[in-house]
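Here is the structure we will look at, set down as structure tokens.
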Amino acid sequence: MANTISTAEEEVKERLGYKSPYEQWKESEGLQTYRGLAIKNLYDLELNPWKSSGDGLAAFLNLEGTGGFNDSYVAEIPPGKSLKAHRHLFEETIYILKGQGASSVWIDPNRKETFEWQEGSYFSIPMNAWHEHHNASGLDSARYIAMTSAPRVIDTFNNYEFVFDNPFVFRDRYNAEEGYFKQKAPAQQWSTNFVADVRVCQTYSGGFDRGGGAKSTVFRMVNQTVKSHVSLWGVGAYKKAHRHGPGIHVLIIRGTGYSIMWQEGKAMERVEWGPGSVFVPPEMWFHQHFNGSAEPVFFLAIGWGSDKPKAGGKAYVYKSVKEGGDQIEYEDEDPMVHAEFEVAMKNAGARCKMDYHPHGTMK
């Protein structure tokens, strides 16, 4: 019996000490990992030297809502420096937080394509293409956030050489064609591989019927599976609560407010945010976003979300939960939700502009 207990204890210790191939890879990079539901401000997030990149600094973000499905990292390029060229077998989408510079992408070193970027630029790296980033300023650093599918790719193959030194070329995604990273004409469903400045994108009405008067533009980039969009939330209204799959990173570009997130039947968690905040609603958690100011809110959302089915393969459906869907109608929400929104509006010197809300008292 003593031996049995000892063996069981060893098994528990082994399980508690287990680290996935992805976590082991992160450790080898020597960078800090930030966790939790949200990061308040990416602009002043502390970074560490990123030796494998050359002169860069970086930190990993493994927020609770990713569920090991994807991740993100923040990197900084010192003045006048470049990051080492590299390639990888996972998808990567980049938003420039500050600075100006250029990136070079290639599958044939004799046919490099280089494009310039600035604060607000948004682009994706084609799968397994060589790429390097350059800071064009000799005075100021450049900082970006990147969302990647590294966790599930590294954990699936458990072979770093296969992931980071694989010669396969995804020609259906990138074949070194000229002008690949030139911005295409905008549209509500925008197929482009580069956006010079998402902060000035036109947004459009339509999409899911979640109310609140939000306007959006959807990006489809470098034939990736990842989806992304920007949305504009006006003043005095909010969308209905809903839920979806893991990993959608919501990056606040302009405005201040808060979001509530909760598992069905459990207490709500409130996340305050402003410019530079990022948060990820966990899989199957209801969540709802509120502009808590007198100015519009503009954000970028990156991830798969609704494209990842529920357990059992069922799709997310944006109709009332009473009809088997994944959305809470206004009349079914907790009355405190609207009451707190009215308080936020009053404190901001604004007012509720919703045409109808069953719990509304302030107009």
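Here, each number is a calculation from the coordinates, and none is a lab measurement. Please read all numbers here as calculations on a predicted model, not as lab measurements. No Cβ is skipped: glycine too gets one built from the backbone with ideal geometry, and neighbour counts run over all protein chains shown.
Observations
- The stretch 244-338 shape via C-alpha gyration tensor axes, a/c threshold 1.5: oblate
- Antiparallel bridge percentage (DSSP; both residues within the stretch 19-164; nearest 5): 95 percent
- Among [x] 21.9, 72; [y] 24.7, 79; [z] 22.9, 72, the entry that matches Rg and Dmax of the Cα atoms in Å as calculated here: [x]
- Ranking Asn41, Leu97, Gly68 by how far each Cα lies toward the positive end of the dipole of the stretch 23-102 (charges on Cβ) leaves Leu97 at the top.
- Estimated from the Cβ-Cβ distance and a Förster radius of 35 angstrom, the FRET efficiency linking Ala85 and Ala294 is about 0.15.
- Residues listed by number, the stretch 127-142, amide nitrogen under 18 Å from Asn110 label point at 7 Å toward C-beta: 130
- Within the listed set Phe60, Phe341, Phe168, the Gaussian network model of the chain (springs between alpha-carbon atoms below 10 Å) gives the highest mean-square fluctuation for Phe168.
- Between the amide H of Ala241 and those of Ile328, distances stay under 5 Å, these residues lying 5 or more places away or on another chain, with hydrogens modeled in the peptide plane.
- Length added when fully stretched, Tyr318-Asp197, from 0.36 nm per residue minus Cα-Cα: 40.5 nm
- Electrostatic bookkeeping for Pro151 treats Lys and Arg as +1 and Asp and Glu as -1; over the other residues with beta carbon under 12 Å from its beta carbon, the sum is -2.
- Cα-based shape type of the stretch 19-164, given that a ≥ b ≥ c are square roots of the gyration tensor eigenvalues and the cut on a/c is 1.5: oblate
- The chain, relative contact order [Cα under 8 Å, separation at least 6], %: 15 percent
- The relative contact order of the stretch 19-164, computed from alpha carbon pairs under 8 Å that lie at least 6 residues apart in sequence, is 27 percent.
- Assuming charge only on the beta carbon of Lys and Arg (+1) and of Asp and Glu (-1), the dipole of the chain about its Cα centre is about 840 debye to the nearest 20.
- Residues of the stretch 106-139 with an amide N closer than 17 Å to a point placed 7 Å from the Cα of Asn166 along the Cα-to-Cβ direction: 107, 125-131.
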